[in-house]
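Data first, discussion second: the structure below is written as structure tokens.
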Amino acid sequence: MSTQRNIELFTAFKNGDIETFTDIMDLHKVNTNFAVNPKMTIFEAILSTPKSSEFIRKSVKYDASLYLKNHRQQYPLKFVIDSQCIENLMTIKNLLLENEKSTNPEIKIASYFNLKDDYERNSLQTLISLLSDANFDQIFELVKFLIVSGVNLHYELNGKSALMMLMEKFIELSMGHKEEVIDFMSMVESKENCDIFIQLANAKQKCNVLIKNYEDFEISFTNMRQLLVEGQINTFEVLLPTFRSSYSEAFYIECAVAFLEVAVERSLISIVDLLLENQVDVNKVSRDNSTGLPTVFEAFKQSQVGIFQALLTHPNCQLFYKQNNKKINILHHFFEQFDSKPLTKSFQNTNLPKELSPDQKICFNLLLNDRKCDRNFINAHDRDGMHILYKTVKHRFDYMTLKLLERGAYLGQAVRGMRKALLEEFLDERIKADEKYYNGDVGSVIEIDYGFLVPEKKKKENEENVEIAVEKIELTKNDQSSFDIYAEEMKPLAAITEKFELQQFLLHPVISSFILIKWKMISFLIYANLLLILFFIFSFIPFNVLSQLRSDSFLYSIFYFLSFVSICLLILRESMQFFISVKTYVTSTSNWIDIIMLLSGLLLLLFQYQMPAHMARVLRVIVILLAVAEYFNLLGLLPLLSVSIYTKMFRKVCGTFIKYLAFYSVMILGFAFSFYALNGDVFYEDIHDVLKEKKPLISSDTVPAVMVTNGTRSERFNNFYTIGHAIMKSFVMLTGEFEMSYVQTEGLTFKLLLLLFLFLVAIVLYNLLNALAVSDTQEIKSEAKLIDLHQRILTMHESEASVFRRNSKFGNWLRTVISLFPENVPNGKIFIRNYNRIFISDFETIKVNAWMPKWMSFMKKDAKLNEEILQDIHILLLKKKEKKTNAELARLKEVNDKKFKNELQQLHEMMRNIQKNMNELREEMKIRMEIKQSK
């Protein structure tokens, strides 16, 4: 489609249809750098066509640059000269003047017109070589324009300057043309050289050309530098070879660097090209440089397109510079001008996006497209330890942020500060489909790009925090020993889960598909833990039951052995987790719970008959409850039969009850103490009676001897006879369990208190808590998919963090198993073919459980996307196509409205002219009538 638009644009230009040309540029944002043939782009064709000034202006308005060289190292000026059109040349000069904000724009314009073509000729030499009587009026007009604009007449190529070439051509011209040359040269050249032209005109033979005399000029570093400062670029250009030959090579190199810095500072592009041809060191810094940085840094900062391209494409140009024992990146240097305070991880703000100037965009794109700008460069750290992506996000340079992410910048924690609209736009562009997909063909391919999630890898040496982006490269043995190619991959997604405004993007098919594939790689750890804890539960619980019965059967021995094996396996698991990451293991609460469970189980297995029976019962309870709790915790991590959602509901409702009960417990305790205040003294009166009458005490094996009066223990509990019983009974009554048959309700005060409790607590508070629980449940159900993804991310992030925390043989093996990059998804892209199969190349798929041995090959399966994600991808692709269509329609409407407005304005103007002509005609008729009547 874009190729077709480019062809339409070129056709409109060839037909001279400026309106259609403008409409296509406005509507489709077509790039004029499109090559219409192997030798020329649309913009170059426009420049080389006479009388195309309107098209030149339109092209420059959008994306064309007058400073960018093409792949043949030709500046746009070359094609303007080829057009041999003074109108085009004047248009270029006017465009340069319009974009120039310095106090002396003529110097920079002169520097531009002094640029050389691919044959090292300046524009004067090119035109003079074409000069003849037949084209004199056209060519000499251009020559005069260039000389007045400051092009160097004395620049020599192969021993000939433009002035010499003009004198050679002068002899062949007619007398009338010779006189015109003499008249012009008398205004711009020395009297001696003008006399030579006169002699040539009279003698019709060659004379020696007098080279401009510089004998009185001292060719020193200071004077040469002063020539650049004053803008005398032609004199500098002529004298540079003499200066170089007059001094040692070492001294010249030092001076050339200083000249280059002045040329860059004053945007003298022709001088920069000249110095680059004369072996200047582009990475060196002069002694007087206040910034301490090479010129390419300053050229990028000042958005000097042509100069930056010339320096960047130099084979020795470096994009890093070491200063104060730290490497400075050219992008980091650019953003230092915006940093008013240190950058922090929390940088979300409400500032509007900042727009880059056209030249800034061109420079930035030149940098990103350069071969030296790889992922190492893009993900390099600045002095504060931050990536360049942090800076672009912080300062709201959305264009740069998108381009960096597309080029391979690691998203990392920078996602915290991204605007929602920007993140959505970027994620939408990560999914692409071919035309076959929209046509419904079977062989269609969907591409998903995960390049922005490719993590950084850490340097192994002394465990330094030096991070470099993962590249798909062939690592040597030294590289493998220096860098760990595996790194944590879930950090950006974990950052998204922590920011409420961004959590909706977890449902985006790019993110959800990545989570699914990653889950397939790492879920075996969760399933293994689940099977292990089930093995422990189903062996230890029967063992406890048989131990309680004091059985010596064969079955008891079997379950004793199975319990011992399961505990050993759990101890082995805990040991591996401990050695993989000591810090993570020690700081985890769940690990301490596991330790308590295992210690209790070991005590029971080894010493259950040596310890008191009551203590053995308590340990059995601890082991069973903790094992069941871990089982439900692991079950909640699995997206199986929606159990993760139900587990989340359970935790949410528990949290709600605890939170609100803690708040309302004061009211329940108030009622408890009130009930005790009414009935508690009855218990103490009965105790006094027992002691007085010496009634017997009742006791049992499990309950200490207590004095029982006034009925059974249930009566004592239900009638609030003690403080503990009163509190417990009040909380039980909250659930609606009153057991009124046991409650003594004598007395009006007690009845009123009981009715008040029934209304406020049993009815109002109880139903309030139930309503809150239902509300929580409905909320979780409505966000079930989001919660499921959230749970998976946290699980995988925690698992990765523990595995990558510390180097060990088992940990290193686990890294290779659970990591997607760089082995499983080497290019950061996957391709969906055959509806749901995931490919990483034309024939290679992602294998789940690829680490398993050959005899378990039935477990190795091709990774596939589920129908739900495929449906989301389908909807997204259709929305993108619809959005693109709507955008084109909106632009078409805007263009048509603008066109209609212009036509209406022209019509009004035409009507005014008609009205004016009519009025003039009436006046004329009136005058004629008056003259006729007078006669």
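The values are calculated or read from the model by the stated rules, or taken from the named source; none is laboratory data. Bear in mind that the values here come from a model prediction, so they are computed numbers and not experimental data. FYI the Cβ positions are ideal-geometry reconstructions off the backbone, even for glycines, and counts take in every protein chain you see. To get the accessible areas, we keep the full protein, side chains included, count just its heavy atoms, and leave off ligands, DNA and RNA. Shrake-Rupley method; radii C 1.70, N 1.55, O 1.52, S 1.80 Å.
How about the stretch 487-520: which of its residues are among the hydroxyl-bearing types (Ser, Thr, Tyr) and buried (at least 22 other Cβ atoms within 10 Å of the Cβ)? Steps first, please.
Within the stretch 487-520, the first condition is being among the hydroxyl-bearing types (Ser, Thr, Tyr), and the residues that meet it are 497, 512-513.
Those that are among the hydroxyl-bearing types (Ser, Thr, Tyr) and buried (at least 22 other Cβ atoms within 10 Å of the Cβ): Ser512, Ser513.
Report yes if some residue within the stretch 749-772 is under 24 Å from Gln413 (Cβ atoms), open to solvent by 80 Å² or more (accessible area, probe 1.4 Å) and either at pLDDT below 85 or hydroxyl-bearing (Ser, Thr, Tyr) (or both); otherwise report no. Lay out the reasoning, then the answer.
Going residue by residue through the stretch 749-772, those that are under 24 Å from Gln413 (Cβ atoms) are none.
Checking the stretch 749-772: not a single residue is under 24 Å from Gln413 (Cβ atoms), open to solvent by 80 Å² or more (accessible area, probe 1.4 Å) and either at pLDDT below 85 or hydroxyl-bearing (Ser, Thr, Tyr) (or both).
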Practice problem: Would you mention how many residues in the stretch 147-186 are in a helix (DSSP H, G or I), open to solvent by less than 30 Å² (accessible area, probe 1.4 Å) and not aliphatic (A, V, I, L, M)? | Solution: 3
Quiz item: Is one or more of the residues making up the stretch 61-84 hydroxyl-bearing (Ser, Thr, Tyr) and open to solvent by 20 Å² or more (accessible area, probe 1.4 Å)?
Solution: yes
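Matching residues to (1) under 20 Å from Leu786 (Cα atoms); (2) buried (at least 16 other Cβ atoms within 10 Å of the Cβ); (3) at pLDDT 80 or above:
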| position | (1), (2), (3) |
| --- | --- |
| Leu606 | no, no, yes |
| Arg617 | no, no, yes |
| Ala629 | no, no, yes |
| Leu640 | yes, no, no |
| Lys648 | yes, yes, no |
Quiz prompt | Cβ pairs under 7 Å, 6+ apart, first in the stretch 154-167 and in contact (Cβ under 8 Å) with a residue 60 or more places away in the chain and under 15 Å from Leu127 (Cα atoms), second open to solvent by less than 10 Å² (accessible area, probe 1.4 Å) and of a type outside the set (Asp, Glu) | solution = His154/Ser161; His154/Leu163; Tyr155/Asn122; Tyr155/Ser161; Tyr155/Ala162
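Of these, Glu800, Glu844, which one is more than 30 Å from Leu27 (Cβ to Cβ) and open to solvent by 20 Å² or more (accessible area, probe 1.4 Å)? Break it down into steps so the answer makes sense when it comes.
On the way: Glu800 fails: open to solvent by 20 Å² or more (accessible area, probe 1.4 Å).
On inspection, the qualifying residue turns out to be Glu844.
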Quiz item: If Ser775 passes every condition in (1) closer than 30 Å to Phe731 by Cβ; (2) at pLDDT below 80 but one, which one does it miss?
Solution: (2)
Quiz item: Do you know which residues across the stretch 608-667 are without any contact (Cβ under 8 Å) to a residue 12 or more places away in the chain, in a helix (DSSP H, G or I) and among the polar types (S, T, N, Q)?
Solution: Ser665
Quiz item: Can you tell me how many residues in the stretch 1-22 are touching a residue at least 24 places away in the same chain (Cβ under 8 Å), surrounded by fewer than 18 Cβ atoms within 10 Å (Cβ to Cβ) and under 31 Å from the mean Cα position of the chain (by Cα)?
Solution: 3
Quiz prompt | Residue ranges of helices (runs of 4 or more DSSP H) in the stretch 1-120 with at least 2 members among the aromatic types (Phe, Trp, Tyr) | solution = 2-14, 53-62, 105-113
Quiz prompt | Filter pass, Lys101 being modelled with pLDDT under 90 and among the basic types (Lys, Arg) | solution = yes
Quiz prompt | Subset tally (residues that are surrounded by 13 or more Cβ atoms within 10 Å (Cβ to Cβ), in contact with a Lys or Arg (Cβ under 8 Å, 6 or more places away or on another chain) and aliphatic (A, V, I, L, M)) for the stretch 567-602 | solution = 1
Exercise. Hey, can you tell me all the residues within the stretch 258-272 that are part of a loop (DSSP other than H, G, I, E, B) and either open to solvent by 50 Å² or more (accessible area, probe 1.4 Å) or more than 19 Å from Tyr155 (Cα to Cα) (or both)?
Key: Arg266, Ser267
Self-check item: Residue among Cys255, Cys317 that is outside any helix (DSSP H, G or I), surrounded by 15 or more Cβ atoms within 10 Å (Cβ to Cβ) and of a type in the set (A, V, I, L, M, F, W, C)
Solution: Cys317
Self-check item: Counted residues, the stretch 358-379 - those being surrounded by fewer than 22 Cβ atoms within 10 Å (Cβ to Cβ) and not in a helix (DSSP H, G or I)
Solution: 5
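Just need a number here: residues in the stretch 235-250 that are in a helix (DSSP H, G or I) and out of contact with any helix residue (DSSP H, G or I) (no Cβ under 8 Å at 6 or more places or on another chain).
Just the residues of the stretch 235-250 that are in a helix (DSSP H, G or I), to begin with: 235-246, 249-250.
Of the ones still in play, those that are also out of contact with any helix residue (DSSP H, G or I) (no Cβ under 8 Å at 6 or more places or on another chain) are 238, 241-242, 245-246, 249-250.
Number of matching residues: 7.
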Practice problem: Any residue in the stretch 442-455 that's closer than 11 Å to Ile832 by Cα and of a type in the set (S, T, N, Q): show its pairings with residues that are modelled with pLDDT under 90 and not in a loop (DSSP other than H, G, I, E, B) at Cβ separation under 7 Å, as long as the two are six or more apart or on different chains. | Solution: Ser444/Ala433; Ser444/Lys436; Ser444/Tyr437
Quiz item: Given the conditions (1) in contact (Cβ under 8 Å) with a residue 24 or more places away in the chain; (2) assigned to a helix (DSSP H, G or I); (3) of a type in the set (A, V, I, L, M, F, W, C), which single one is not true for Ala421?
Solution: (1)
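Filter the stretch 244-282 down to the residues that are of a type in the set (Ser, Thr, Tyr) and under 35 Å from the mean Cα position of the chain (by Cα) and list them by number. Full working, then the answer.
At the first step, the residues of the stretch 244-282 found to be of a type in the set (Ser, Thr, Tyr) are 245-248, 252, 267, 270.
Passing the criteria: only Ser267.
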Self-check item: Residue in the stretch 502-515 that is within 28 Å of Asp862 (Cβ to Cβ) and at pLDDT below 85 present
Solution: no
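With respect to Leu422, determine if the residue is within 21 Å of Ser513 (Cα to Cα), surrounded by 13 or more Cβ atoms within 10 Å (Cβ to Cβ) and at pLDDT 90 or above. Spell out the reasoning first.
Working: within 21 Å of Ser513 (Cα to Cα): yes; surrounded by 13 or more Cβ atoms within 10 Å (Cβ to Cβ): yes; at pLDDT 90 or above: yes.
Yes, satisfied.
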Quiz prompt | Exclusive hit being open to solvent by less than 60 Å² (accessible area, probe 1.4 Å), closer than 25 Å to Lys884 by Cα, hydrophobic (A, V, I, L, M, F, W, C) and without any contact (Cβ under 8 Å) to a residue 40 or more places away in the chain, set Met25, Met40 | solution = Met25
Quiz prompt | Subset of the stretch 273-292 (residues that are in contact with a Leu (Cβ under 7 Å, 6 or more places away or on another chain) and either under 21 Å from Ser248 (Cα atoms) or not in a helix (DSSP H, G or I) (or both)) | solution = Leu274, Leu275, Asn278, Val280, Val282, Val285
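Going by the structure shown, is Ser523 out of contact with any helix residue (DSSP H, G or I) (no Cβ under 7 Å at 6 or more places or on another chain), under 22 Å from Thr816 (Cα atoms), modelled with pLDDT under 90 and crowded, with 18+ Cβ neighbours inside 10 Å?
Numbers: out of contact with any helix residue (DSSP H, G or I) (no Cβ under 7 Å at 6 or more places or on another chain): yes; under 22 Å from Thr816 (Cα atoms): yes; modelled with pLDDT under 90: yes; crowded, with 18+ Cβ neighbours inside 10 Å: yes.
It is true that Ser523 is out of contact with any helix residue (DSSP H, G or I) (no Cβ under 7 Å at 6 or more places or on another chain), under 22 Å from Thr816 (Cα atoms), modelled with pLDDT under 90 and crowded, with 18+ Cβ neighbours inside 10 Å.
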